[in-house]
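Asks: Provided herewith is a single structure, encoded as structure tokens, for subsequent inquiry.
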Amino acid sequence: MTKILAITNQKGGVGKTTTGVNLAASLAAEKQRVLLVDLDPQGNATMGSGVDKRSLRATVYQVLLGDRELTDVRVRSTNGGYDVIPANRELAGAEVEMVEIERRETRLKEALAGVESEYDFILIDCPPALNLLTVNGLSAAHAVMIPMQCEYYALEGLSDLVQTIKKVRAHLNPKLQIEGLLRTMYDPRNTLALQVSAQLEQHFSDKVYRTVIPRNVRLAEAPSYGMPALKFDRNSKGAQAYLDLAGEMLGRSVPVA
Ligand code: ATP
Ligand code: MG
């Protein structure tokens, strides 16, 4: 069975794309067949996978508008060992242009149906907004992965996201689950981070991944080389943490941080 996960949080810069790219590479390293969908006009997941967003003739944008098949725009991340549905700034127009079209919330879901059986995991990197692109991601997904930094406003943002998930569940995708909350850029020397982390575990218990992603400069450096950290510096703490996360998702026990 294919697992389709939307990586989402309307808050910017929490590690969605870093998680998309590095989890895709880690699952691929575990012999999983992976597709990473970039749903963000910033195109960071595309670039971070080593695909030049400026050189693309077609992207997820044409797929959402029904002008291209998903298989026409699909490219390979040779650095990551997975396939990519790329995006670039063209996608910023989609929000407005899709207002006119039918079934605009489920365009991605329909497009993925044709390739789903080719993959074990489809990861969707959502933009930092609760907009139509994110709704397409949530409609297409079986479950949501929520990366978050353990800081003061994190919990507040979470309740907005949970409301959106409830709405999508009610109107578009009744089976949508919350797969898990992922603590990112974690620094155990920061007392507030420890407190928020403990609160998360209290409120969401087993919905919080046991794997914690540490703040690690290699994770921040790797995208400028178009590589997942696993390829850039396999032994870095960041690369190893995403391998642990892949292991946790595949049902293996992981060391507790
Ligand atoms: P946006 O909302 O803009 O799409 P995002 O949620 O996708 O952002 P990222 O782009 O993954 O977040 O991360 C934001 C910044 O933090 C990037 O510069 C990234 O390289 C860096 N970063 C992400 N995770 C880590 C980490 N664990 N350690 C150090 N730096 C990190
Ligand atoms: Mg991003």
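The values are calculated or read from the model by the stated rules, or taken from the named source; none is laboratory data. From a predicted model like this one, the values you see are computed outputs, not experimental measurements. Here Cβ is always computed from backbone atoms with ideal geometry, including for glycine, and neighbour counts include all displayed protein chains. We work out accessible area using only protein heavy atoms, side chains counted, and drop any ligands, DNA or RNA first. Shrake-Rupley method; radii C 1.70, N 1.55, O 1.52, S 1.80 Å.
Asks: Hey, could you check the range 1-21 for residues that are of a type in the set (Val, Ile, Thr) and open to solvent by less than 40 Å² (accessible area, probe 1.4 Å) and say which is farthest from ligand 2 (Cβ to nearest atom)?
Replies: 2
Asks: Continuing with this model, one more query. Considering only the range 122-152, how many residues are more than 16 Å from ligand 2 (Cβ to nearest atom) and without any contact (Cβ under 8 Å) to a residue 40 or more places away in the chain?
Replies: Selection size over the range 122-152: 3.
Asks: Separate question: Would you mind stating whether residue 109 is open to solvent by 50 Å² or more (accessible area, probe 1.4 Å), of a type outside the set (Phe, Trp, Tyr), within 24 Å of residue 142 (Cβ to Cβ) and within 15 Å of ligand 1 (Cβ to nearest atom)?
Replies: Considered against the rule, which asks whether it is open to solvent by 50 Å² or more (accessible area, probe 1.4 Å), of a type outside the set (Phe, Trp, Tyr), within 24 Å of residue 142 (Cβ to Cβ) and within 15 Å of ligand 1 (Cβ to nearest atom), residue 109 comes out as no.
Asks: Enumerate the pairs (first residue in the range 179-199 and within 12 Å of residue 210 (Cα to Cα); second residue anywhere and among the polar types (S, T, N, Q) and open to solvent by less than 80 Å² (accessible area, probe 1.4 Å)) with beta-carbon separation below 9 Å, excluding pairs fewer than 6 apart on the same chain, so at least 6 apart or on different chains.
Replies: 182/19; 182/211; 183/149; 183/197; 183/211; 184/18; 184/19; 184/149
Asks: Which residue is nearest to ligand 2 (Cβ to nearest atom), if the candidates are limited to the range 160-186 and must be under 18 Å from residue 15 (Cβ atoms) and open to solvent by less than 40 Å² (accessible area, probe 1.4 Å)?
Replies: In this case the residue turns out to be 184.
Asks: OK, next. Just to be sure I understand, how many residues within the range 198-221 are more than 17 Å from the chain's Cα centre (by Cα) and surrounded by 20 or more Cβ atoms within 10 Å (Cβ to Cβ)?
Replies: 1
Asks: Next up: Considering each of 111, 24, 58, 87 in turn, give the residue that is outside any helix (DSSP H, G or I), modelled with pLDDT of 95 or more, away from ligand 2 (no atom under 12 Å from the Cβ) and of a type outside the set (D, E, K, R).
Replies: Numbers: 111 fails: outside any helix (DSSP H, G or I); 24 fails: outside any helix (DSSP H, G or I); 87 fails: away from ligand 2 (no atom under 12 Å from the Cβ).
It is 58.
Asks: Any residue at all in the range 206-216 that is farther than 21 Å from residue 34 by Cα, touching a Leu at 6+ places or on another chain (Cβ under 9 Å), assigned to a helix (DSSP H, G or I) and without any contact (Cβ under 8 Å) to a residue 24 or more places away in the chain?
Replies: Checking the range 206-216: not a single residue is farther than 21 Å from residue 34 by Cα, touching a Leu at 6+ places or on another chain (Cβ under 9 Å), assigned to a helix (DSSP H, G or I) and without any contact (Cβ under 8 Å) to a residue 24 or more places away in the chain.
Asks: A further question on this structure: Out of 146, 165, report the one residue that is within 23 Å of residue 43 (Cβ to Cβ) and of a type outside the set (S, T, N, Q).
Replies: Selected residue: 146, the only one of 146, 165 that is within 23 Å of residue 43 (Cβ to Cβ) and of a type outside the set (S, T, N, Q).
Asks: Since residue 68 meets every condition but one in (1) more than 14 Å from ligand 1 (Cβ to nearest atom); (2) in a loop (DSSP other than H, G, I, E, B); (3) basic (Lys, Arg); (4) within 18 Å of the chain's Cα centre (by Cα), which condition does it not meet?
Replies: Status for residue 68: all satisfied but (4).
Asks: Name the single residue, out of those in the range 27-47 being part of a helix (DSSP H, G or I) and open to solvent by 10 Å² or more (accessible area, probe 1.4 Å), that is nearest to ligand 1 (Cβ to nearest atom). Before the answer, list the steps.
Replies: Of the residues in the range 27-47, the ones part of a helix (DSSP H, G or I) are 27-29, 44-47.
Subset that is open to solvent by 10 Å² or more (accessible area, probe 1.4 Å): 28-29, 44, 47.
Values: 28: 18, 29: 18, 44: 5, 47: 10 Å.
Going through the qualifying residues, I end up with 44.
Asks: Something else now. Tell me which of these residue 151 doesn't satisfy, since it passes every other one: (1) within 22 Å of residue 11 (Cα to Cα); (2) acidic (Asp, Glu); (3) assigned to a helix (DSSP H, G or I).
Replies: All conditions are met except number (3).
Asks: Only one residue in 73, 96 is buried (at least 20 other Cβ atoms within 10 Å of the Cβ), away from ligand 2 (no atom under 16 Å from the Cβ) and without any contact (Cβ under 8 Å) to a residue 40 or more places away in the chain. Which one?
Replies: Numbers: 96 fails: buried (at least 20 other Cβ atoms within 10 Å of the Cβ).
Step by step, each of 73, 96 is checked, and only 73 is buried (at least 20 other Cβ atoms within 10 Å of the Cβ), away from ligand 2 (no atom under 16 Å from the Cβ) and without any contact (Cβ under 8 Å) to a residue 40 or more places away in the chain.
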